[in-house]
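*Asks:* My questions will all concern the structure given below.
The values are calculated or read from the model by the stated rules, or taken from the named source; none is laboratory data. Everything numeric in this text was worked out from a predicted model, so none of it was measured. Methodologically, a virtual Cβ is constructed for each residue, glycine included, from the backbone with ideal geometry; neighbour enumeration extends over all protein chains shown.
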Amino acid sequence: MTLHSLTNQDIFDSRYEETVYSGEKVADLDAKVNYDDYKRRSREFNKGERLKTASHDPDSAFKSASNSNCKTETINELVAPMQLRAVQKISSRSGVRSLTPLMEWEGSVEAIESDEFVARLLNVTTGELLPTEEASFPLSELNDIQRDNLEVGAIFRWVIGLQRLPNGNKQRVSELFFRRLPAHSEREINAAVASIGMQLDALDWDDAPSR
Amino acid sequence: MPWIGMTPPQDDEVEISVFGPGYGESILIHAGSGRWIVIDSCLADDRRTPAPLKYMSDIGLDASTDVCAVVATHWHDDHIKGLSAILRACVKADYWYSAALTKGEFLAFLAVHDNQPTTLDRGGTEMLKCLELMEEPGRKIKRLLEDTLVADWPASRLAHGHATRLLALSPSSKQFDQFLRMIGAELYELPLKAKTRLTAGRNDLSIASVLEVGALSVLLGADLEHCQDPDLGWAAVIHNRSGKGPKSAAIKVPHHGSAGAHHDQVWSELLAEDVVSVVTPWSLAGKKLPTETDKVRISSLSKAAYITAEKPQTLKKRYPRAVTKHIRRSRVEITSSVYRCGHVRIRFPEADLGKQVIELFNGAAQY
């Protein structure tokens, strides 16, 4: 049984796909998963993932998402007690599910209608500077996790690419990956307030009219 | 390439240039004798250069020496895109922005919220960049509240011979207090989803202002909206300003001409009967401002009404065949269009007589 074919594993799939959508190859050998145990651990995974990405570099979380070692390690941590036999980088010949993007956009949800949502898109593949595309996506195509993350302002990646299945078959897919905001502890927020306070103190404040 | 007809104003001419590319706006003011003020920022057609900098370059001016003040009316990305580039170029300029936004709690809110995995632009990120730039020696940052004088020149300093000032009309002190209370509460309850927008993304902290040159007045509405509370929004401005100073001969219509920013008394008490209005459009996710109803309302109240960009240009994008096929199969409807960054320029050659020369560039139109 492969991870991809597990039933009721949307959350896991979502995490898993994040590790491979950029084209990296991660093995998903046979696995047996206790779903309740998985759900509990998935929550812990969420929390850990968010805390890991909490820094003042806006790109850090994104870089982190594409850091295969970090992800592989985290997934190992998640699935090991669930008797997943192995999750590791292997050659591309067998047991591999990967996604090679043909076109990628970064989008922000601008409106949600009864049967679709509208988003502004920045074409990442062509290196656009500003969003020039708008798209409406049918809500019926979203899974439960995507629906949970859908709200006005939400940021996502839309990837159209070539997916290689563990059995070696290839298929074209269109995937949406909604981003989550790193959670911050009260201590981190207090540190941000203090840091900004020091920055403000160092500025030359002057309220006289400009001349 | 410089736009045709672009010449710098005379020393004794007052000029208001309004730029708007369909999503964003910027205003450039020549107060006289080579003194320039930039309010907000949007990008020119190259999608890189801030429109006011491009215009100044096109007419042969040096922004590094001629701009004395840069004002950020609020932090939404349709008003602030490219502002850090303006501040970087205009090394002599003071940087003015809302006093509420200089509070550590708000900036920490931005810093924490902007720690997100995205390449999409967000106004908060640009605001933090601007703040970092002001750490350089010699740069001055200034706080704005209602009744703050942004710029003030005596008549003797300007070639047209009129005392000139730019006065902030908002935010009111009540808006200021409300905002800080809200930020204090929200900072520790950040949303768990990565978003381009904050719940704090309202327009009530927007800085409306008035330029007064002798008997000439121009009202610059920013994105200030109308609230029922008399101490907030346009109601507070009217209460504070009614009967003070000359009625304005021109207005940059607030919040892209939306009905939510309209207040009858602004038009009856703060504006002259023969007022000229300029609106910048806003277009996102199939929604557009001003609506046709807004246009009818504004033009009926104005001697002449102008818009910086009237119609978007549809872009024909070519995707690989496999991508096109899959877009179709996914039932995703994708469109692509852009506005040109239009420009409405109003010059007042004889400021005290109210004579106006209005010119339209790059797709701007009268409606």
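*Asks:* What number of residues in the range B:295-337 are more than 14 Å from chain A (Cβ to nearest Cβ) and either part of a helix (DSSP H, G or I) or hydroxyl-bearing (S, T, Y) (or both)?
*Replies:* Total satisfying the criteria: 10.
*Asks:* What about B:W75, is it modelled with pLDDT of 95 or more and surrounded by 22 or more Cβ atoms within 10 Å (Cβ to Cβ)?
*Replies:* Against the criterion (modelled with pLDDT of 95 or more and surrounded by 22 or more Cβ atoms within 10 Å (Cβ to Cβ)), B:W75 does not qualify.
*Asks:* Another question, then. Have a look at B:A85, B:A72, B:A31, B:A63 and point out the one that is touching a residue at least 12 places away in the same chain (Cβ under 8 Å), over 24 Å from B:A250 (Cβ atoms) and of a type in the set (A, V, I, L, M).
*Replies:* B:A85 is the lone residue from the list that is touching a residue at least 12 places away in the same chain (Cβ under 8 Å), over 24 Å from B:A250 (Cβ atoms) and of a type in the set (A, V, I, L, M).
*Asks:* Since A:D204 meets every condition but one in (1) surrounded by 20 or more Cβ atoms within 10 Å (Cβ to Cβ); (2) closer than 30 Å to B:G138 by Cβ; (3) without any contact (Cβ under 8 Å) to a residue 40 or more places away in the chain, which condition does it not meet?
*Replies:* That leaves (1) as the condition not met.
*Asks:* Can you pull out the residues in the range A:159-211 that are over 30 Å from B:T164 (Cβ atoms), of a type in the set (S, T, N, Q) and not in a loop (DSSP other than H, G, I, E, B)?
*Replies:* Correct list: A:Q163, A:Q171, A:S174, A:N190, A:S195, A:Q199.
*Asks:* I'm trying to understand the selection: among the residues of the range A:153-211, which are basic (K, R) and more than 28 Å from the chain's Cα centre (by Cα)? Spell out the reasoning first.
*Replies:* Narrowing the range A:153-211 to residues basic (K, R): A:157, A:164, A:170, A:172, A:179-180, A:187, A:211.
Across the range A:153-211, the qualifying residue is only A:R211.
*Asks:* Can I ask one more? Do we find a residue being under 30 Å from B:K355 (Cα atoms), in contact with a strand residue (DSSP E or B) (Cβ under 6 Å, 6 or more places away or on another chain) and charged (D, E, K, R) anywhere in the range B:298-321?
*Replies:* Yes.
*Asks:* Of the residues B:C90, B:C42, only one is over 30 Å from B:K287 (Cα atoms) and within 14 Å of chain A (Cβ to nearest Cβ); which?
*Replies:* B:C90 is the lone residue from the list that is over 30 Å from B:K287 (Cα atoms) and within 14 Å of chain A (Cβ to nearest Cβ).
*Asks:* Kindly indicate whether any position in the range B:269-277 is farther than 22 Å from B:P312 by Cβ, part of a helix (DSSP H, G or I), out of contact with any Cys (no Cβ under 9 Å at 6 or more places or on another chain) and at pLDDT 90 or above.
*Replies:* Yes, the conditions are met somewhere in the range B:269-277.
*Asks:* Select from the range B:351-367 the residues that are of a type in the set (D, E, K, R) and touching a residue at least 12 places away in the same chain (Cβ under 8 Å) and write down the one among them that is farthest from B:L211 (Cα to Cα). Reasoning before the result, please.
*Replies:* We begin by selecting, within the range B:351-367, every residue of a type in the set (D, E, K, R); these are B:352, B:355, B:359.
Restricting the remaining residues to those that are touching a residue at least 12 places away in the same chain (Cβ under 8 Å) gives B:352, B:359.
Details: B:D352: 13, B:E359: 20 Å.
Filtering first and then ranking leaves B:E359.
*Asks:* What single numbered condition from (1) at pLDDT 85 or above; (2) at the interface with chain B (Cβ under 8 Å from one of its Cβ atoms) fails to hold for A:R147?
*Replies:* Among (1) at pLDDT 85 or above; (2) at the interface with chain B (Cβ under 8 Å from one of its Cβ atoms), A:R147 violates only (2).
*Asks:* I'd like the full set of residues that are closer than 20 Å to B:I141 by Cβ and surrounded by fewer than 23 Cβ atoms within 10 Å (Cβ to Cβ), limited to the range B:21-62.
*Replies:* Answer for the range B:21-62, where residues must be closer than 20 Å to B:I141 by Cβ and surrounded by fewer than 23 Cβ atoms within 10 Å (Cβ to Cβ): just B:R35.
*Asks:* Can you tell me which residue in the range A:86-116 is modelled with the highest pLDDT, limited to those that are among the basic types (K, R) and in a loop (DSSP other than H, G, I, E, B)? Walk me through it before giving the result.
*Replies:* Let us first name the residues in the range A:86-116 that are among the basic types (K, R), namely A:89, A:93, A:97.
In the following step, the residues that additionally are in a loop (DSSP other than H, G, I, E, B) were identified as A:89, A:93.
Details: A:K89: 38, A:R93: 50.
This residue is A:R93.
*Asks:* May I ask you to verify whether B:I80 is on the phi < 0 side of the Ramachandran plot and either modelled with pLDDT of 95 or more or more than 9 Å from chain A (Cβ to nearest Cβ) (or both)? Please lay out each step first, then the result.
*Replies:* Numbers: on the phi < 0 side of the Ramachandran plot: yes; either modelled with pLDDT of 95 or more or more than 9 Å from chain A (Cβ to nearest Cβ) (or both): yes.
So B:I80 passes the test.
*Asks:* Of all residues in the range B:1-55, count the ones that are within 15 Å of B:V70 (Cβ to Cβ) and of a type outside the set (F, W, Y).
*Replies:* 19
*Asks:* Across the range A:117-131, what is the number of residues that are farther than 13 Å from A:R157 by Cβ and surrounded by fewer than 19 Cβ atoms within 10 Å (Cβ to Cβ)?
*Replies:* So the count comes out to 5.
*Asks:* I've got another one for you. Scan the range B:321-367 for residues that are at pLDDT 90 or above and among the small types (G, A, S) and jot them down.
*Replies:* B:G342, B:G363, B:A364, B:A365
*Asks:* Pull up the range B:336-365, narrow it to residues that are polar (S, T, N, Q) and surrounded by 15 or more Cβ atoms within 10 Å (Cβ to Cβ), then point me to the one that is farthest from the chain's Cα centre (by Cα).
*Replies:* B:S336
*Asks:* Ok, one more. Filter the range A:114-144 for residues that are under 16 Å from B:S330 (Cα atoms), of a type outside the set (A, V, I, L, M, F, W, C) and more than 9 Å from every other protein chain (Cβ to nearest Cβ); which is nearest to the chain's Cα centre (by Cα)?
*Replies:* A:N143
*Asks:* Identify all residues within the range B:170-199 that are modelled with pLDDT under 65, hydrophobic (A, V, I, L, M, F, W, C) and in contact with a strand residue (DSSP E or B) (Cβ under 9 Å, 6 or more places away or on another chain); write none if there are none.
*Replies:* Answer for the range B:170-199, where residues must be modelled with pLDDT under 65, hydrophobic (A, V, I, L, M, F, W, C) and in contact with a strand residue (DSSP E or B) (Cβ under 9 Å, 6 or more places away or on another chain): B:L192, B:A194.
*Asks:* Another question about this same structure. Determine which member of the set A:S185, A:S195 is under 30 Å from B:K92 (Cβ atoms) and either in contact with a His (Cβ under 8 Å, 6 or more places away or on another chain) or more than 7 Å from chain B (Cβ to nearest Cβ) (or both).
*Replies:* Within the list A:S185, A:S195, the selection yields A:S195.
*Asks:* If I filter the range B:280-290 down to residues being within 12 Å of B:I307 (Cβ to Cβ) and without any contact (Cβ under 8 Å) to a residue 60 or more places away in the chain, which single residue comes out as surrounded by the most Cβ atoms within 10 Å (Cβ to Cβ)?
*Replies:* B:P290
*Asks:* Return the residues of the range B:146-164 that are away from every other protein chain (no Cβ under 12 Å) and touching a Gly at 6+ places or on another chain (Cβ under 6 Å); say none if nothing qualifies.
*Replies:* Selection gives B:A155, B:A159, B:H160, B:H162.
*Asks:* Checking the structure you have, find out if any residue of the range A:152-164 is facing chain B (nearest Cβ under 7 Å), touching a residue at least 40 places away in the same chain (Cβ under 8 Å), among the hydrophobic types (A, V, I, L, M, F, W, C) and farther than 26 Å from B:L43 by Cα.
*Replies:* Within the range A:152-164, one or more residues are facing chain B (nearest Cβ under 7 Å), touching a residue at least 40 places away in the same chain (Cβ under 8 Å), among the hydrophobic types (A, V, I, L, M, F, W, C) and farther than 26 Å from B:L43 by Cα.
*Asks:* Follow-up. Would you confirm whether any residue within the range A:174-181 is closer than 24 Å to B:V71 by Cα and at the interface with chain B (Cβ under 7 Å from one of its Cβ atoms)?
*Replies:* Initially, the range A:174-181 is screened for residues closer than 24 Å to B:V71 by Cα, giving none.
The answer is no; no qualifying residue exists.
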